[in-house]
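Below is one structure, written out as structure tokens; comments come after it.
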2 protein chains.
Amino acid sequence: MLYPLGLRRLETPDSVPASPLRFVRGARDPGSRARRGTLLTSRGAIETPVFMTVGTRATVTGLTPDDLLALDVPILLANTYHLLLRPGPELFRRVGGLHAFMRWPRPVLTDSGGYQIFSLPGDRTINESGARFRSYIDGRIYHLTPETSIDMQAALGSDIMMALDECVPSTSQEDAVRAAMERTHRWALRSLAARKNPAQALFAIVQGGLVPALRRQSAGFLTDHPFDGFAIGGLAVGDTRAEREEITGLAVELLPEATPRYLMGVGTPPDLLYAIGCGVDMFDCVIPTHLAWQGTAFTSTGRVRVTRGANAAVDGALDARCACATCRTFSRSYLHHLFKCSEPLGPRLLSVHNLHYYLELMRQARAAIDAGVYVRFARERLSEIDHHEHAAVSA
Amino acid sequence: MLYPLGLRRLETPDSVPASPLRFVRGARDPGSRARRGTLLTSRGAIETPVFMTVGTRATVTGLTPDDLLALDVPILLANTYHLLLRPGPELFRRVGGLHAFMRWPRPVLTDSGGYQIFSLPGDRTINESGARFRSYIDGRIYHLTPETSIDMQAALGSDIMMALDECVPSTSQEDAVRAAMERTHRWALRSLAARKNPAQALFAIVQGGLVPALRRQSAGFLTDHPFDGFAIGGLAVGDTRAEREEITGLAVELLPEATPRYLMGVGTPPDLLYAIGCGVDMFDCVIPTHLAWQGTAFTSTGRVRVTRGANAAVDGALDARCACATCRTFSRSYLHHLFKCSEPLGPRLLSVHNLHYYLELMRQARAAIDAGVYVRFARERLSEIDHHEHAAVSA
């Protein structure tokens with residue numbers, strides 16, 4: 001069907017091993033499609049819906065594994081593209097993978113590098129074989145294909161691998177979106193064939209941009225193959241919030257009940273609340289840590305720019321309702337001082353706080369689903385956030 | 001004697017309160033002038049000889065108070081000059097001092113700002129009254145006098161305050177050194193008169209550059225007044241190691257047995273080993289933390305530049321003989337990776353390591369004095385360090 005002439009024939013293995021990832025479904029919310037679950041991995045159980053903290057370069061910027069365990073971070077995401085370029089696969093083969101290298105005992109999901117090839121500027125060409133690009137570090141030429149991506153993810157030893165996909169901007173013409181989607185499908189099958197270690201789960205990525213028919217076609221094709229989970233890709237790449245919500249709702253419905261659903265690279269707290277209500281199980285996003293390094297905190301009374309002068313006079317906690325180590329220990333005026341002095345303890349303390357905010361939001365969402373009150377919970381949290389964001393705009 | 005006409009008359013109080021700092025003398029090394037002691041403060045006991053970790057801007061760069069307690073840091077040094085400019089004395093008066101602001105429960109020593117006025121570039125004038133300078137932050141004009149320095153240190157609520165001194169380069173002409181010394185004496189008495197809180201100890205600073213006669217004169221003058229301790233200033237400002245060692249040895253002999261002796265801003269591990277042998281009790285230096293942020297580690301086999309390419313292949317600990325949290329947990333290749341990626345976790349982990357190195361050196365020195373074997377201990381450590389530094393140069 002989608003195998004062009006000239007490309008070596010791809011097959012899924014004749015006997016498919018049982019998925020290395022067991023997904024145990026839990027409570028369903030009666031008023032929405034929100035659902036609870038537990039992902040069982042050899043490195044421990046992950047309660048879903050789950051937010052995955054981003055540790056791009058084998059580190060969550062500024063934090064130690066102990067800091068992350070104190071936050072009860074259940075799973076990290078690491079970026080294959082960045083780790084391929086530096087320190088490279090040989091190191092990971094030598095030391096026995098990413099967990100050993102960064103000293104992280106809990107599960108890791110690795111992306112495939114597809115998104116970075118799409119989004120990072122520079123010298124690259126993409127064809128059926130894969131992507132050819134020049135390293136931003138030393139100018140070396142790399143060839144990232146479905147097979148080399150799986151090789152690298154095997155070297156990383158991640159618990160969940162992602163198939164290489166081709167991502168295009170949400171504003172692309174339908175033909176371009178369709179072509180990228182079809183190539184993504186072929187690459188997904190090549191990834192499946194390239195997997196050697198049955199202990200590493202492999203997820204495929206549904207593409208199709210903002211075109212419902214293509215999303216249907218993509219989900220239909222990929223779910224016919226023995227992937228351990230399915231991700232929704234190609235969102236938060238130029239689309240509006242309304243478009244993102246529409247496609248998320250649609251795409252989730254097309255995915256099987258029995259496997260985990262992962263909405264890639266999303267998003268803000270309202271994005272998460274919406275997508276959980278659609279039945280998404282897994283999320284990752286750099287927002288909490290990136291904003292922390294820029295001096296912005298998520299709080300129960302809206303976003304706070306810690307660097308703003310008014311905070312110099314606030315000797316209470318950053319967020320009086322927050323139980324994180326930062327809010328239990330330090331004042332807003334101290335955090336303000338650290339940021340004004342460009343002291344790295346400031347972003348470190350704010351990263352702890354923002355990650356706690358995201359993880360706590362997910363804990364509350366899970367509890368609300370368990371209690372069958374997710375709709376009311378999400379509505380209250382969304383209206384709280386909207387209220388504070390409007391108040392901030394008008395202030 | 002040293003009160004010029006035109007300057008308001010200065011007196012020491014008629015009834016001098018008992019020193020807020022009790023210095024209990026311990027073992028004396030039989031082969032050197034090294035000595036053990038305990039500084040008793042209201043915030044806990046400090047075993048001497050002690051290395052004071054520098055927390056310039058109310059933070060030891062990148063580390064939390066919990067990190068410092070895990071290292072068993074006994075006392076911090078904070079910089080009056082930097083904290084005067086930002087966040088300023090009003091904040092400290094409002095929140096109840098530096099300990100409350102930065103959440104540090106153990107003792108703090110504050111310098112007077114004299115060294116920064118001497119060493120920081122910019123627009124400043126110094127006269128008998130004090131120093132007038134422009135803030136590098138907002139261009140505001142400040143007037144730092146012995147009295148305003150004590151006021152600021154009172155706002156900081158430090159356990160040990162330093163009298164404002166005038167520092168000149170070690171290479172200055174004798175006339176200039178003498179004039180600065182005499183002014184330092186007048187400023188020391190003004191500082192004593194300005195102290196209002198008897199719970200804050202006050203140390204004077206012996207000046208006199210590299211001129212033995214002036215050092216004698218300075219120590220003789222200052223020790224006639226009821227300071228709680230005496231510091232040796234004006235070293236590590238352009239002098240050679242031999243000059244520094246000669247003056248240190250001389251200056252310590254001129255100071256009383258009953259009070260603590262503090263060698264300011266010194267130094268490297270060999271500097272510390274030498275000065276402990278002369279009878280110095282207290283040290284501070286930015287070297288361990290500054291070098292950590294530049295990627296250099298102190299190890300049992302010499303200094304290691306973590307960024308050097310060869311470290312990419314070393315999967316063992318940074319220092320196999322080190323028991324710090326960094327060496328117990330992470331590999332040298334991981335630290336190398338963090339530095340190559342400019343990830344702030346690298347300098348954070350190296351700061352922990354370098355501080356552990358300094359604190360451990362002091363623990364070992366104290367144990368050697370207690371055991372009466374300081375000379376052998378210091379000789380062995382110095383020859384070890386020399387051996388590795390020569391090996392590194394010839395490698």
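The values are calculated or read from the model by the stated rules, or taken from the named source; none is laboratory data. These figures come from a predicted structure and were not determined experimentally. Positions of Cβ are generated from backbone atoms using ideal geometry, with glycine treated the same way; all protein chains shown enter the neighbour counts. When the accessible area is computed, the model is the full protein with side chains, heavy atoms only, and any ligands, DNA or RNA have been set aside. Shrake-Rupley method; radii C 1.70, N 1.55, O 1.52, S 1.80 Å.
Numerical summary
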item	result
Inter-copy spacing of A:Leu69 label points, which lie 7 Å from Cα along Cα→Cβ, given in nm from shortest upward	1.9
Inter-chain Cβ neighbour average for residues B:87-94, partner chain, 10 Å	3
Efficiency of FRET between B:Thr307 and A:Thr329 - r from beta-carbon atoms, R0 22 angstrom, step 0.05	0.10
In Hz, Karplus ³J(HN,Hα) per residue of segment A:336-342 (6.51, -1.76, 1.60; θ = phi - 60°; x = Gly, Pro)	4, 4, 4, 5, 5, 8, 6
Accessible surface of the protein assembly as shown [probe 1.4 Å, protein heavy atoms]: carbon and sulfur percent	51
Shielded by partner chains, segment B:339-384 residues - at least 20 Å² of accessible area, 1.4 Å probe, vs chain alone	B:Lys340, B:Cys341, B:Glu343, B:Pro344, B:Leu345, B:Arg348
Rounded D (µm²/s) - chain B, Kirkwood Rh over Cα pairs, Stokes-Einstein at 25 °C, 0.890 mPa s	113
Karplus (6.51, -1.76, 1.60) ³J(HN,Hα), θ = phi - 60°, over segment A:192-197, in Hz, Gly and Pro reported as x	4, 5, 7, 5, 10, 9
Structure-based [θ]222 nm, chain A - -39500 (n - 2.57) summed over DSSP H runs of at least 4, per residue, nearest 500	-12500 deg cm²/dmol
Placed amide H near A:Met52: partners under 5 Å, 5+ positions off or other chain	A:Phe283, A:Asp284, A:Cys285
Computed Rg/Rh of the protein assembly as shown, alpha carbon atoms with Kirkwood Rh	1.06
Calculated from backbone phi, Karplus (6.51, -1.76, 1.60) coupling profile of segment A:352-367 in Hz, x at Gly/Pro	4, 5, 5, 5, 4, 4, 5, 5, 5, 4, 5, 4, 5, 4, 4, 5
In Å², nearest 10: area of B:Leu382 left accessible to a 1.4 Å probe	40
Accessible surface, per residue, of the protein assembly as shown when the full set of protein chains is kept, probe 1.4 Å, Å²	39
Alpha carbon Rg of segment A:210-362, scaled by the compact-globule rule 2.2 N^0.38 Å	1.27
Averaged over B:114-127, number of beta-carbon atoms from partner chains that fall within 10 Å	0
Using a 7 Å Cα-to-Cβ projection, B:Ala310 label spacings across copies, nm, ascending	5.6
Nearest residue to the symmetry axis between B and A, taken on chain B by its Cβ, in whole Å	B:Pro344, 3
Orphan Cys of chain B, criterion: no other Cys C-beta under 4.7 Å	B:Cys167, B:Cys278, B:Cys285, B:Cys324, B:Cys341
Residue-span extension gain [B:Asp370 to B:Arg103] - 0.36 nm each, minus C-alpha spacing	92.8 nm
Using a Förster distance of 35 Å, the FRET efficiency for B:Asp66-B:Ala176 (Cβ separation, nearest 0.05)	0.15
Protein accessible surface hidden between B and A, which excludes ligands and nucleic acids, total in Å², probe 1.4 Å	2800
Percent of beta bridges antiparallel (DSSP, segment A:86-229, rounded to nearest 5)	55
Other-chain or far-sequence residues with amide H under 5 Å of A:Gly37's (modelled H)	A:Gly26, A:Thr48
Exposure of B:Glu243 as accessible area (Å², to 10), given a probe of 1.4 Å and all protein chains	70
Peptides B:199-205, B:290-296 ordered by average Cβ neighbours within 10 Å, highest first	B:199-205, B:290-296
Environment charge at A:Val304 (Cβ cut-off 10 Å; Lys +1, Arg +1, Asp -1, Glu -1)	+3
